[in-house]
Amino acid sequence: MGNRYTKRTFVLEIIGIVIGLIFLIPFYFVLVNSVKPFAAILIDAAAWPKEFMFSNYAKVWEIINFPRAFWNSLVITVFSNIGLVIISSMAAWKMVRTPGKFSKILFVIFVSAMVIPFQTVMIPLMKVGGSLGLTNSIPGLIIMYFGFGVPLSLFLYHGFVKTVPIEIEESAMIDGCSQFGVFWRIVFPLLKPITVTVIILNTLWIWNDYLLPLLVLQDAELRTIPLAASSFFAQYTKQWDMGLAALVLGITPIIIFFLFLQKHIIKGIASGSIK
């Protein structure tokens, strides 16, 4: 029995390693071709580079003004996350602590919004955003991310708030703490696992998002990293050497961020769903 279990475990580990290597293949192509000259990419994209053209990164840094694009992406991601955490956590806590038909209907509406494709609201969004002065503006884009990001964030917070004992809040209110104080001093610190999860998921989405910034931001100075990298892929010319180098520069910060905090994703979601 033990021998059979060991063999099965070994086979599953081998399968897992093979699947992992398959998922790493795209990263190999991106990294290898980002240090090749353009002609070498056209000849054989899978071959190991004969010479490493790290100058591709220096050229990309200057052409797309990478520091500016990085700053735009960072500002949009950070402030969008701050707003989503504040709005979603407070709304979820209020819904859970005031059970009733209205709270249930409101929660169902938010959850239903997650299944609506972005393409169906794209044109109305731009018309409304234009009339409100939200287009071609980083603050306007951040406000739009609030609208699109709240449903999932609220859903995650809603499940986790149920694990917080209400007796703690009642004790704080007896001691004279206001509802605002109860949330920020008692409840919100206990939501740390799911808050980290929400931040990670939203950061991966917002940092890599292309379509919404493309629609909202027109000025070159406002471009995010995905928009800046797309400038190397025009209708008739595709600069693969420059474009892939720009892609590596863009995904490196978010990969580092994810690797440092990935353990909190499973921990936060599991805590909110199981309990």
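Of the solvent-accessible surface of the range 198-253, computed with a 1.4 Å probe and all protein chains present, 63% belongs to carbon and sulfur. In this structure the chain gives 59 Å² per residue of accessible area when probed at 1.4 Å with all protein chains present.
One quarter of the surface of the convex hull around the alpha-carbon atoms of the range 1-83 equals 10.4 nm², the direction-averaged projected area. Taking only the alpha carbons of the chain, we obtain Rg and Dmax values of 23.2, 74 Å in that order.
Which order do you get for 121, 35, 128 if you rank them by accessible area with a 1.4 Å probe, largest at the top? Numbers along the way, then the final one.
Numbers: 121 50, 35 10, 128 80 Å².
The most accessible residue leads, giving 128, 121, 35.
Positive-end ranking of 133, 248, 176 along the dipole of the chain, with charges on Cβ about the Cα centre, is headed by 176.
Magnitude of the charge dipole for the chain, about its Cα centre and with charges confined to Cβ atoms of Lys, Arg (+1) and Asp, Glu (-1), is about 720 debye. A DSSP coil position with no more than 15 other Cβ atoms inside 10 Å describes the following trypsin sites (Lys or Arg not before Pro) in the range 23-120: 50.
When the alpha-carbon atoms of the range 1-157 are used, the pair Rg, Dmax equals 24.1, 70 angstrom.
If you take the square roots of the eigenvalues of the alpha-carbon gyration tensor of the range 7-52 and sort them as a ≥ b ≥ c, do you get rounded (a/c under 1.5), prolate (a/b over b/c) or oblate?
Numbers: a/c = 4.30, a/b = 4.14, b/c = 1.04.
Judged from the Cα gyration tensor, the range 7-52 comes out prolate (a/c at least 1.5, a/b above b/c).
Rounded to the nearest 10 degrees, the angle from helix 118-131 to the longest Cα principal axis of the chain is 80 degrees.
Keeping the other protein chains in place, figure out the carbon and sulfur percent of the accessible area of the range 7-52, with a 1.4 Å probe.
Details: 2810 of 3510 Å².
Carbon and sulfur: 80 percent of the exposed surface of the range 7-52.
Altogether, the Stokes-Einstein calculation at 10 °C and 1.306 mPa s, with the Kirkwood radius of the range 55-111 over Cα pairs as Rh, returns a diffusion coefficient of 110 µm²/s. Residues 185, 8 ordered from highest to lowest accessible area at a 1.4 Å probe: 185, 8. Here is how the number arises for the chain: DSSP H runs of 4 or more residues each give -39500 (n - 2.57), the sum is divided by the residue count, and the result at 222 nm is -24000 deg cm²/dmol. Once the Cα-Cα distance is subtracted from the 0.36 nm per residue extended length, the residue 98 to residue 167 segment shows a gain of 23.4 nm.
The values are calculated or read from the model by the stated rules, or taken from the named source; none is laboratory data. Being a predicted model, the structure only gives us computed values, none of them experimental. Virtual Cβ from ideal backbone geometry, glycine too; neighbours counted across all protein chains shown. These accessible areas exclude ligands, DNA and RNA; they are computed on the full protein's heavy atoms, side chains included. Shrake-Rupley method; radii C 1.70, N 1.55, O 1.52, S 1.80 Å.
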